[in-house]
Amino acid sequence: MDVSHIINDLNDAQRQAVTLGDAHCLVLAGAGSGKTRVLVHRVAWLIQVEHVSPMSVLAVTFTNKAANEMRGRVEQLLQIPASGLWIGTFHGICHRILRLHAAEVGLNPDFQILDSDDQYRLIRRTIREMQLDEGEFPPRVVQGFINARKDDGARPDHIEASGNPLTLQMIEIYRNYQAACERSGLVDFAELMLRVVELLRDHPSRLANYQDRFAHVMIDEFQDTNTLQYALIRLLAGGRRTRLFVVGDDDQSIYGWRGARVENVQHFVGDFKPEVLRLEQNYRSTQTILEAANHVIGHNDDRMGKNLWTDGEQGEPVRVFAAYNEDEETEFIVSRVQDWLESGRKPSGVGILYRSNAQSRLFEQALLRADIPYRVYGGLRFFERAEVRDSLAYLRLVHNPLDDAAFERIVNVPARGIGERTVAGLRESARAQDQALWEATVRQLDSGALAGRARNALAVFVALIRELREYAEQSSLGAMVSRIVQRTELIQHYLAREPADRAEARQENLDELVRAAENFDQSMEDEQASLTPTASFLTQAALEAGEHQGEKWQDCVQLMTLHSAKGLEFPLVFMAGMEEGLFPHRKSVEEPGRLSEERRLAYVGMTRAMELLYLSYAESRRLHGQTLFGRPSRFVGELPPALVEDIRPQLNVSQARAPQGSGGSLPGLGSRVAHAKFGVGTVLAVEGQGDNARIQINFDDAGPKWLVAGYASLQPAC
Ligand code: ATP
Ligand code: MG
């Protein structure tokens, strides 16, 4: 049998790993050295050469995207579908096992998964039912407590309270919450893992089945496994037959803040005495990029240590751009992307990476203006995020009390005791009188038709909207949005419901929204059309939320956080916002452990780059409502100067910032135009001029739509 395609494109060390005999194996190697490739080839080798049944292989990756890619690559090597092969994330695989054995672990066979929002709500309800004070036991703190205990494998009976009454109480909440889950057939994320570990631990015959079945357990990105995941691996590998094949890189452990334990690498060596193989040749990056990344990570002193080299080209220097402010940073990056595209390279070869989700907005807007397709990974686009939409819904209702959709969205967000039944009553009454919900509410309040709690709650809501409306009459758009964020207490709402890091990301997004409103430049045309700045701003936000992200099939520039870039590679990489406080994140600066995790994140980011790497920072940046004059990130200072080229903005060159796209001339009324997404249609109306003009088009298939000329890229059609 010809197996050359499985082992030909491998170096000696890789080949040794792929063809390893009967032993546990740890491949510990740096970024881009072919760990994932080795894992994929090993699966193919086992099946095709060693005739291992696909059913006896279990491969675990970190994301569903990675799992799909891995399956595709294995099948490509095998040239047949690998049916029976289990590839997935830890959660996905545990879910699958639980579905098979629900009854054995006392679960309802139709159990449903509880996502973290619903989990929060159930915990809050439990606290209320126990008549405890939510101030003393904030639901999100309790949620963190329960999940962390579960991740460590602890049930209420296992937790030591050491006589601490607060801990005792938390344990009681955990107990009652768990009982509620069981009554309703609900399983939260941590429970998926914990149940499977318990199943295998407490049912020796089950465990034996799985140990017999999975002769080969392979794990990618092992450095980011948590306690429970490691316990599962140990259980499975407890049989005589099972062999573990684990690949990872201690320098890329970046999820410590979420319970991952890089010590698992050492534990694994102690527990299983694996063959430890090193891969030292990097195939991804130029010499310059690799050397620069090695140099930066060399500043961490808690490393296992490794060599990494490449015989690739020297390549271009790492470019560091010092922007005057974040707008200039954005403009610079987008213009470099344009150069890249003009030289005939693909959009998907570009990765724009940042530390915090809120940074995506400026890139999204600039890419839109430049008509470059993009996709944001691992998060929603800015104007689609829940907190941003909530705030905009307030702005809409203040601006236009007849906006029923806005009314519905926020009447009880944050929760103010207006239940679904009350809202249904309002809908009914509005329909009967042919009024908007707002009008019906005011009418009912005035006429005294409402009773008790609902009445009070609605009165508070109406007073808030009126107050905001009054404020709007004498203030700028920026001040108005800031006021909304503050008065609605949306952040407190999220803080109380969610883990701190998520609520913090929402806070950053709301700050970014305030900034967007403050800096919003109304076009001349909108002014002439007597549109208020608020109306223009809302139009822009709605357009950007709806239509411009690249289609699935489209080749797009990739935007994502550094965390979600793990395992990926791009010929051209930008790392934006390289400023102290932003990256490394301000919270990590005082803690040495967290600072080295941030440095590993920098290493992950830099090693995504194959050909060209840009790092940029802004000398001043608006963040959290204030202008910060930041110092460049220490990671920039840690680059070896000989490999760096500093780029300063050219003085006296000011680039036109107007949207580009329609090229100035607008289609005439009645003319036929074509749009990339909606197809061909007839122009019904044109308002305004230039790129900011709004054009109403009746599309043959998609029906009538308003588009902004500068964004729509319309082509003449017949
Ligand atoms: P990371 O640590 O970032 O996850 P990795 O160690 O998993 O990286 P891979 O993604 O497997 O590395 O490989 C990096 C790149 O190098 C890929 O494009 C891969 O196809 C290529 N590569 C790996 N080994 C070889 C080889 N022997 N010959 C040619 N290309 C290779
Ligand atoms: Mg990899």
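Structure above, values below:
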item: Any strands (runs of 3 or more DSSP E) falling wholly within the range 178-267 and containing at least 3 residues that are within 16 Å of ligand 1 (Cβ to nearest atom); result: 243-248
item: Residue match in the range 550-564 (condition: more than 18 Å from the chain's Cα centre (by Cα), of a type in the set (A, V, I, L, M, F, W, C) and modelled with pLDDT under 90); result: yes
item: Unique residue being part of a helix (DSSP H, G or I), open to solvent by less than 30 Å² (accessible area, probe 1.4 Å) and away from ligand 1 (no atom under 13 Å from the Cβ) when the list is A59, A67; result: A67
item: Members of the range 550-595 found to be outside any strand (DSSP E or B), away from ligand 1 (no atom under 16 Å from the Cβ), of a type outside the set (A, V, I, L, M, F, W, C) and buried (at least 17 other Cβ atoms within 10 Å of the Cβ), listed by number; result: G550, G577, E580, P584, S588
item: Scope the range 1-19; condition over 20 Å from A66 (Cβ atoms) and open to solvent by less than 10 Å² (accessible area, probe 1.4 Å); matching residues; result: I6
item: Unmet requirement for V247, which otherwise passes all of (1) out of contact with any His (no Cβ under 6 Å at 6 or more places or on another chain); (2) open to solvent by 20 Å² or more (accessible area, probe 1.4 Å); (3) of a type outside the set (S, T, N, Q); result: (2)
item: Tally of residues being within 14 Å of ligand 1 (Cβ to nearest atom) and open to solvent by 10 Å² or more (accessible area, probe 1.4 Å) across the range 20-41; result: 6
item: Single residue of R469, R487 found to be charged (D, E, K, R), surrounded by 13 or more Cβ atoms within 10 Å (Cβ to Cβ) and closer than 15 Å to R396 by Cα; result: R469
item: One residue from S184, S205 being out of contact with any Ser or Thr (no Cβ under 9 Å at 6 or more places or on another chain) and within 25 Å of T126 (Cα to Cα); result: S184
item: Selection count where residues are within 16 Å of ligand 2 (Cβ to nearest atom), surrounded by 15 or more Cβ atoms within 10 Å (Cβ to Cβ) and closer than 19 Å to G34 by Cβ, scope the range 254-287; result: 9
item: Some residue of the range 285-301 being charged (D, E, K, R), outside the structural domain of A148 (by TED's automatic domain parsing) and within 28 Å of A642 (Cα to Cα); result: yes
item: Strands (runs of 3 or more DSSP E) wholly inside the range 601-657 containing at least 3 residues that are open to solvent by less than 50 Å² (accessible area, probe 1.4 Å) and at pLDDT below 95; result: 609-623
item: Residue among L20, L28 that alone is touching a residue at least 12 places away in the same chain (Cβ under 8 Å), within 14 Å of ligand 2 (Cβ to nearest atom) and aliphatic (A, V, I, L, M); result: L28
item: Elements of type strands (runs of 3 or more DSSP E) in the range 299-410, at least 2 residues being modelled with pLDDT under 95; result: 318-325, 374-376
item: Check on N325, open to solvent by 10 Å² or more (accessible area, probe 1.4 Å) and in contact with a Gly (Cβ under 9 Å, 6 or more places away or on another chain); result: no
item: Residue among R389, R416 that is within 17 Å of R466 (Cα to Cα), in contact with a helix residue (DSSP H, G or I) (Cβ under 9 Å, 6 or more places away or on another chain) and outside the structural domain of V337 (by TED's automatic domain parsing); result: R416
item: Residue within the range 121-140 that is at pLDDT 85 or above and closer than 20 Å to W257 by Cβ present; result: yes
item: Count of the range 122-143 residues which are in contact (Cβ under 8 Å) with a residue 12 or more places away in the chain, open to solvent by 40 Å² or more (accessible area, probe 1.4 Å) and part of a helix (DSSP H, G or I); result: 4
item: Scope the range 82-93; condition over 14 Å from M193 (Cα atoms) and surrounded by 12 or more Cβ atoms within 10 Å (Cβ to Cβ); matching residues; result: A82, L85, W86, I87
item: Given (1) among the hydrophobic types (A, V, I, L, M, F, W, C); (2) under 28 Å from the mean Cα position of the chain (by Cα); (3) in the same structural domain as G32 (by TED's automatic domain parsing), number of the condition V276 does not satisfy; result: (2)
item: Of all residues making up the range 35-57, the number that are over 14 Å from L77 (Cβ atoms) and within 14 Å of ligand 2 (Cβ to nearest atom); result: 1
item: Selection count where residues are touching a residue at least 60 places away in the same chain (Cβ under 8 Å) and out of contact with any helix residue (DSSP H, G or I) (no Cβ under 9 Å at 6 or more places or on another chain), scope the range 1-12; result: 1
item: Boolean, R96 is within 16 Å of ligand 2 (Cβ to nearest atom), of a type in the set (D, E, K, R) and either open to solvent by 40 Å² or more (accessible area, probe 1.4 Å) or assigned by TED's automatic domain parsing to the domain that holds L228 (or both); result: no
item: Options V423, V460, V413: the member that is open to solvent by less than 40 Å² (accessible area, probe 1.4 Å) and part of a helix (DSSP H, G or I); result: V423
item: First in the range 330-359 and within 16 Å of P571 (Cβ to Cβ), second anywhere and in a helix (DSSP H, G or I) and not charged (D, E, K, R), Cβ under 6 Å, 6 or more apart; result: V350/V337; I352/F363; L353/A565; L353/G605
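The values are calculated or read from the model by the stated rules, or taken from the named source; none is laboratory data. Since we're looking at a predicted model, the values are computed, not measured. Cβ atoms come from the backbone with ideal geometry, glycine included; neighbour counts cover every protein chain shown. For the accessible areas, the whole protein counts, side chains as well, though only heavy atoms, and no ligand, DNA or RNA atoms are used. Shrake-Rupley method; radii C 1.70, N 1.55, O 1.52, S 1.80 Å.
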